[in-house]
Amino acid sequence: MSEAASVHASAVKVGERAVVIRGPSGSGKSRLAFDLIMAGRSGLLPSAILVGDDRVRFDTAGGELSVRPVRQLAGLIEIWGLGIRRCDFVEQAQVGLMVDLAAADAERLPPPEALRTRILGVEIPRIPVGRGFSPLPLVVAALTTASGLPNLNHDADCFKGFGNHITRTLATE
């Protein structure tokens, strides 16, 4: 097992995998974490629960990347306008998606290499979100339209009729 030092990020377990949120201070990491939790409660996404807010740790074992909260911050989340609040959390989750807020390489139609990142030698799907764009719709789309999140092969999914993607007939006319 390999463990990294704590990193400035938040993480939420959505269904079976964690969404890790990175970005500079003030970019909205805690806001997106709370939005994902609320989306899980409303039924927009599968059940969602906090892993950690502000600082998390990564571990690897058996080719999988996992995330866990920093002990001192476990169960705490910052909610803008309310301050630091306690909430339910899980001690560990396998990472399924990385969201980079205020990403310099965010594009309308990102190249495939921009949609992957490597953490501790493990490659995972990535969403680069530009400054000024709301990340929640992008994350919901990634979680509900991709065929098996680890692949995030959006081109192939568009022709398979997953989620809200365009069918082959409409896409090719």
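Working only within region 99-132, note down all residues that are β-branched (Val, Ile, Thr) and touching a helix residue (DSSP H, G or I) at 6+ places or on another chain (Cβ under 7 Å).
Within region 99-132, 99, 127, 129 meet the criteria.
Can you confirm whether residue 17 is under 12 Å from the mean Cα position of the chain (by Cα) and within 22 Å of residue 121 (Cβ to Cβ)?
yes
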Restricting to helices (runs of 4 or more DSSP H) lying wholly in region 65-173: which have 2 or more residues that are of a type outside the set (D, E, K, R), surrounded by 12 or more Cβ atoms within 10 Å (Cβ to Cβ) and modelled with pLDDT of 95 or more?
135-145
Can you name every residue in region 32-53 that is surrounded by fewer than 19 Cβ atoms within 10 Å (Cβ to Cβ) and more than 18 Å from residue 93 (Cα to Cα)?
38, 41, 42, 43, 44
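Find the residue count for region 1-46, including only residues that are in a loop (DSSP other than H, G, I, E, B) and either of a type in the set (Phe, Trp, Tyr) or without any contact (Cβ under 8 Å) to a residue 24 or more places away in the chain (or both). Lay out the reasoning, then the answer.
So in region 1-46, the residues in a loop (DSSP other than H, G, I, E, B) come out as 1, 4-6, 15-16, 23-28, 43-46.
Among the residues that remain, those that are also either of a type in the set (Phe, Trp, Tyr) or without any contact (Cβ under 8 Å) to a residue 24 or more places away in the chain (or both) are: 25-26, 43.
Looking only at that region, the number is 3.
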Check whether at least one residue in region 54-63 is more than 15 Å from residue 140 (Cα to Cα) and either among the β-branched types (Val, Ile, Thr) or surrounded by 22 or more Cβ atoms within 10 Å (Cβ to Cβ) (or both), and report yes or no.
yes
Does residue 55 satisfy the criteria of being within 17 Å of residue 26 (Cβ to Cβ), of a type in the set (D, E, K, R) and modelled with pLDDT of 95 or more?
yes
For region 58-87, how many residues meet the condition of being closer than 17 Å to residue 14 by Cβ and under 18 Å from the mean Cα position of the chain (by Cα)?
7
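The values are calculated or read from the model by the stated rules, or taken from the named source; none is laboratory data. For clarity, every value in this text was computed on a predicted model and none was experimentally measured. Reconstructed Cβ throughout: ideal geometry from the backbone, glycine too, with neighbour counts over all protein chains shown.
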